[in-house]
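I have placed the structure first, in the form of C-alpha coordinates, so that the comments after it can refer back to it.
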(Lines give C-alpha, C1' and ligand atoms only; values in the text may rest on other atoms or scores of the structure.)
Protein backbone atom coordinates (compact mmCIF):
# COMPACT_ATOMS: atom_id res chain seq x y z
CA UNK A 1 0.00 0.00 0.00
CA UNK A 2 2.78 2.44 0.87
CA UNK A 3 4.38 1.74 -2.52
CA UNK A 4 1.12 2.80 -4.19
CA UNK A 5 0.94 5.93 -2.08
CA UNK A 6 4.47 6.85 -3.20
CA UNK A 7 3.77 5.94 -6.83
CA UNK A 8 0.67 8.15 -6.95
CA UNK A 9 1.37 10.79 -4.31
CA UNK A 10 4.88 11.52 -5.61
CA UNK A 11 3.84 12.44 -9.16
CA UNK A 12 0.83 14.30 -7.75
CA UNK A 13 3.24 16.56 -5.87
CA UNK A 14 4.77 17.52 -9.21
CA UNK A 15 1.34 18.12 -10.75
CA UNK A 16 0.39 20.58 -8.02
CA UNK A 17 3.90 22.09 -8.06
CA UNK A 18 4.72 21.22 -4.46
CA UNK A 19 7.50 23.26 -2.90
CA UNK A 20 9.80 20.27 -2.22
CA UNK A 21 10.26 16.53 -2.52
CA UNK A 22 8.02 14.44 -0.27
CA UNK A 23 8.24 11.34 1.86
CA UNK A 24 5.31 9.14 2.90
CA UNK A 25 4.92 6.79 5.84
CA UNK A 26 2.68 5.17 8.37
CA UNK A 27 2.52 4.15 12.01
CA UNK A 28 0.05 1.46 13.09
CA UNK A 29 -1.69 0.93 16.41
CA UNK A 30 1.08 -1.34 17.73
CA UNK A 31 3.89 1.04 16.74
CA UNK A 32 5.13 -0.60 13.53
CA UNK A 33 6.20 2.02 11.01
CA UNK A 34 7.80 2.56 7.63
CA UNK A 35 8.77 5.55 5.50
CA UNK A 36 9.43 5.75 1.75
CA UNK A 37 10.95 8.66 -0.15
CA UNK A 38 10.73 10.32 -3.51
CA UNK A 39 13.99 10.13 -5.43
CA UNK A 40 16.36 12.71 -3.99
CA UNK A 41 14.77 13.00 -0.55
CA UNK A 42 16.34 11.20 2.39
CA UNK A 43 15.01 12.82 5.56
CA UNK A 44 11.72 13.50 7.31
CA UNK A 45 11.03 10.19 9.08
CA UNK A 46 10.70 11.77 12.51
CA UNK A 47 8.23 14.37 11.18
CA UNK A 48 6.18 11.55 9.59
CA UNK A 49 6.11 9.74 12.94
CA UNK A 50 5.04 12.92 14.72
CA UNK A 51 2.13 13.55 12.34
CA UNK A 52 1.02 9.91 12.53
CA UNK A 53 1.14 9.80 16.33
CA UNK A 54 -0.94 12.99 16.53
CA UNK A 55 -3.54 11.55 14.15
CA UNK A 56 -3.70 8.22 16.05
CA UNK A 57 -3.96 9.81 19.50
CA UNK A 58 -6.80 12.18 18.60
CA UNK A 59 -8.47 10.30 15.69
CA UNK A 60 -8.24 13.48 13.60
CA UNK A 61 -6.05 14.76 10.77
CA UNK A 62 -3.00 16.33 12.35
CA UNK A 63 -3.94 19.83 11.22
CA UNK A 64 -7.08 19.69 13.38
CA UNK A 65 -5.28 18.77 16.59
CA UNK A 66 -4.92 21.67 19.05
CA UNK A 67 -1.48 23.23 18.86
CA UNK A 68 0.86 22.80 21.79
CA UNK A 69 2.67 20.14 23.80
CA UNK A 70 0.83 17.11 25.08
CA UNK A 71 1.95 14.09 27.03
CA UNK A 72 1.80 10.83 25.08
CA UNK A 73 -1.60 9.35 25.92
CA UNK A 74 -1.71 6.30 28.16
CA UNK A 75 2.00 6.69 28.95
CA UNK A 76 1.42 5.64 32.55
CA UNK A 77 3.57 8.43 33.95
CA UNK A 78 2.77 10.42 37.04
CA UNK A 79 2.90 14.21 37.00
CA UNK A 80 6.41 14.35 38.51
CA UNK A 81 7.83 11.78 36.09
CA UNK A 82 6.27 13.53 33.13
CA UNK A 83 7.57 16.86 34.38
CA UNK A 84 11.09 15.44 34.49
CA UNK A 85 10.73 14.16 30.95
CA UNK A 86 9.57 17.59 29.83
CA UNK A 87 12.57 19.21 31.53
CA UNK A 88 14.96 16.79 29.81
CA UNK A 89 13.27 17.41 26.48
CA UNK A 90 13.45 21.20 26.73
CA UNK A 91 17.09 21.04 27.84
CA UNK A 92 18.00 18.81 24.90
CA UNK A 93 15.97 20.86 22.43
CA UNK A 94 17.55 24.09 23.68
CA UNK A 95 21.08 22.71 23.27
CA UNK A 96 20.27 21.41 19.78
CA UNK A 97 18.65 24.70 18.76
CA UNK A 98 21.52 26.90 19.88
CA UNK A 99 24.09 24.54 18.37
CA UNK A 100 22.47 24.85 14.94
CA UNK A 101 21.31 28.47 15.19
CA UNK A 102 24.59 30.06 13.96
CA UNK A 103 24.52 27.80 10.90
CA UNK A 104 20.88 28.61 10.16
CA UNK A 105 21.44 32.36 10.58
CA UNK A 106 24.55 32.31 8.39
CA UNK A 107 22.74 30.42 5.63
CA UNK A 108 19.74 32.71 5.93
CA UNK A 109 21.98 35.74 5.50
CA UNK A 110 23.66 34.11 2.50
CA UNK A 111 20.26 33.24 1.01
CA UNK A 112 19.24 36.90 1.17
CA UNK A 113 22.25 37.89 -0.96
CA UNK A 114 22.75 34.76 -3.05
CA UNK A 115 19.63 32.87 -4.22
CA UNK A 116 21.59 29.62 -4.79
CA UNK A 117 22.02 29.39 -1.00
CA UNK A 118 18.28 29.11 -0.35
CA UNK A 119 18.37 25.32 -0.68
CA UNK A 120 21.16 24.81 1.94
CA UNK A 121 19.30 27.14 4.29
CA UNK A 122 16.14 25.06 3.88
CA UNK A 123 18.14 21.87 4.48
CA UNK A 124 19.53 23.33 7.71
CA UNK A 125 16.03 24.22 8.87
CA UNK A 126 14.74 20.68 8.29
CA UNK A 127 17.81 19.25 10.02
CA UNK A 128 16.90 21.34 13.06
CA UNK A 129 13.24 20.28 12.84
CA UNK A 130 14.14 16.59 12.60
CA UNK A 131 16.45 16.90 15.59
CA UNK A 132 13.66 18.60 17.52
CA UNK A 133 11.15 15.82 16.80
CA UNK A 134 13.71 13.09 17.48
CA UNK A 135 14.27 14.53 20.95
CA UNK A 136 10.52 14.86 21.58
CA UNK A 137 9.64 11.31 20.52
CA UNK A 138 8.56 9.23 23.50
CA UNK A 139 8.23 12.22 25.79
CA UNK A 140 5.86 14.74 24.22
CA UNK A 141 4.73 15.54 20.75
CA UNK A 142 4.30 18.90 19.11
CA UNK A 143 0.97 18.93 17.31
CA UNK A 144 -0.63 21.07 14.67
CA UNK A 145 1.45 20.15 11.61
CA UNK A 146 -0.80 19.36 8.64
CA UNK A 147 -0.26 16.18 6.63
CA UNK A 148 -1.22 13.17 8.78
CA UNK A 149 -4.53 11.28 8.61
CA UNK A 150 -5.96 8.46 10.76
CA UNK A 151 -7.19 5.17 9.28
CA UNK A 152 -10.33 3.60 10.73
CA UNK A 153 -11.50 -0.01 10.71
CA UNK A 154 -15.11 -1.12 10.17
CA UNK A 155 -15.98 -0.38 13.80
CA UNK A 156 -14.61 3.16 13.62
CA UNK A 157 -11.52 2.47 15.73
CA UNK A 158 -8.21 4.02 14.67
CA UNK A 159 -5.87 1.26 13.54
CA UNK A 160 -3.11 3.29 11.88
CA UNK A 161 -2.21 6.66 10.43
CA UNK A 162 -0.48 7.71 7.24
CA UNK A 163 1.38 10.97 6.66
CA UNK A 164 3.27 12.93 4.05
CA UNK A 165 5.97 15.49 4.67
CA UNK A 166 8.33 17.77 2.79
CA UNK A 167 6.14 20.46 1.23
CA UNK A 168 3.49 22.86 2.51
CA UNK A 169 0.97 21.22 4.84
CA UNK A 170 -1.89 21.51 2.36
CA UNK A 171 0.30 19.97 -0.37
CA UNK A 172 1.38 17.14 1.92
CA UNK A 173 -2.26 16.33 2.65
CA UNK A 174 -3.36 16.55 -0.99
CA UNK A 175 -0.62 14.14 -2.12
CA UNK A 176 -1.34 11.77 0.77
CA UNK A 177 -5.07 11.73 -0.03
CA UNK A 178 -4.42 11.03 -3.72
CA UNK A 179 -2.13 8.12 -2.84
CA UNK A 180 -4.41 6.54 -0.23
CA UNK A 181 -7.46 6.76 -2.49
CA UNK A 182 -5.48 5.11 -5.29
CA UNK A 183 -4.48 2.37 -2.82
CA UNK A 184 -8.16 1.54 -2.24
CA UNK A 185 -8.90 3.33 1.02
CA UNK A 186 -12.16 5.22 1.30
CA UNK A 187 -12.01 8.89 2.18
CA UNK A 188 -14.04 9.78 5.28
CA UNK A 189 -15.24 13.37 5.48
CA UNK A 190 -16.75 15.23 8.41
CA UNK A 191 -20.09 17.02 8.41
CA UNK A 192 -18.35 20.16 7.17
CA UNK A 193 -16.86 18.32 4.19
CA UNK A 194 -13.32 18.46 5.57
CA UNK A 195 -11.14 15.34 5.57
CA UNK A 196 -11.66 13.28 8.72
CA UNK A 197 -9.51 10.29 7.74
CA UNK A 198 -9.65 7.08 5.69
CA UNK A 199 -11.30 3.69 6.08
CA UNK A 200 -9.76 0.30 5.26
CA UNK A 201 -12.77 -0.72 3.18
CA UNK A 202 -12.33 -0.19 -0.53
CA UNK A 203 -13.60 3.05 -1.94
CA UNK A 204 -16.86 2.69 -3.91
CA UNK A 205 -16.49 2.52 -7.66
CA UNK A 206 -17.52 5.62 -9.57
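Where residues in region 33-47 are at pLDDT below 90 and in contact with a strand residue (DSSP E or B) (Cβ under 9 Å, 6 or more places away or on another chain), which of them is nearest to residue 190 (Cα to Cα)?
47
Are any residues in region 1-37 surrounded by 13 or more Cβ atoms within 10 Å (Cβ to Cβ) and part of a helix (DSSP H, G or I), and if so, which ones?
Those that are surrounded by 13 or more Cβ atoms within 10 Å (Cβ to Cβ) and part of a helix (DSSP H, G or I): 2, 4, 5, 6, 7, 8, 9, 10, 11, 12, 13.
Could you count how many residues in region 150-204 are in a loop (DSSP other than H, G, I, E, B) and within 28 Å of residue 40 (Cβ to Cβ)?
Within region 150-204, residues that are in a loop (DSSP other than H, G, I, E, B) and within 28 Å of residue 40 (Cβ to Cβ) number 5.
The values are calculated or read from the model by the stated rules, or taken from the named source; none is laboratory data. Owing to the predicted nature of the structure, the values given are computational and were not obtained by experimental measurement. We place every Cβ from the backbone using ideal geometry, glycine too, and count neighbours over all the protein chains shown.
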